[in-house]
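Read the structure below first, then the notes.
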Amino acid sequence: MSRTQHLLIFACLILVAALSTYTYLDKQNKATKWYSQAQVNQGAALFADNCASCHGVKAQGALNWMQPNEAGVRGAPPLNGSGHAWHHSLDNLIQTTTHGRGAMPAWQGTLTKAELVATLAWAQSLWPDKIYQAWLQQN
Ligand code: HEC
């Protein structure tokens, strides 16, 4: 084998090693989600119809949501990963959406549990991966 051939093989080996490290690190950064793409799609429509009026079309929350109004009621918080929803477990989020809390209406009887879970899936699909990872670790 010539010196050039040796060098070529060596270069190929380095390339393969670099590529596999890259794919490995990439997988590490992307946490596996609990929801499916079908749930996200279903949730998008349900969210637009039922939740966007208060939480915003992009789940960005009401304007000045932290500021209580004259009646002392706070606006709807963001569900797009910028609020504090990521401090709560999925069970806790399902509880809040099912039974309501404060100015948040209860959805039991209007939406099925599967539909509520789908709306949460859609909202979570907007979360930055870092937030999702932190949420996974905490819950
Ligand atoms: C009438 C306005 C309104 C509508 C419609 C509404 N929400 Fe809310 N939502 C609120 C308010 C206000 C809160 C904050 C409640 C509190 O803690 O006092 C809230 C809280 C939440 C929380 C808890 C967030 C957290 O950080 O703890 C979730 C999850 C949520 N809503 C999901 C939904 C979903 C899903 C829908 C649609 C099916 C929906 N909401 C529809 C007003 C609304």
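The values are calculated or read from the model by the stated rules, or taken from the named source; none is laboratory data. It should be emphasised that the depicted structure is a prediction, and the values quoted were computed from it without experimental measurement. A quick note on method: Cβ atoms are made from the backbone with ideal geometry, for glycine too, and the neighbour counts reach across all protein chains shown. When the accessible area is computed, the model is the full protein with side chains, heavy atoms only, and any ligands, DNA or RNA have been set aside. Shrake-Rupley method; radii C 1.70, N 1.55, O 1.52, S 1.80 Å.
List of remarks:
- All positions within segment 104-139 that are in a loop (DSSP other than H, G, I, E, B) and in contact (Cβ under 8 Å) with a residue 40 or more places away in the chain: Trp107, Thr110, Leu126, Trp127, Pro128, Asn139
- Within this structure, Ala59 passes the test of being near the ligand (Cβ under 10 Å from one of its atoms) and open to solvent by less than 80 Å² (accessible area, probe 1.4 Å).
- Top-ranked residue in segment 116-127 [being more than 8 Å from the ligand (Cβ to nearest atom) and not small (Gly, Ala, Ser); ranked as farthest from the chain's Cα centre (by Cα)]: Val117
- Counted residues, segment 48-87 - those being of a type outside the set (Gly, Ala, Ser), under 24 Å from Gln137 (Cα atoms) and touching a residue at least 40 places away in the same chain (Cβ under 8 Å): 4
- Once segment 67-110 is narrowed to residues that are over 17 Å from Asn50 (Cα atoms) and open to solvent by less than 30 Å² (accessible area, probe 1.4 Å), the residue that is nearest to the ligand (Cβ to nearest atom) is Ala85.
- In the condition set (1) outside any helix (DSSP H, G or I); (2) among the aromatic types (Phe, Trp, Tyr); (3) open to solvent by less than 40 Å² (accessible area, probe 1.4 Å), Phe47 is compliant with all but (1).
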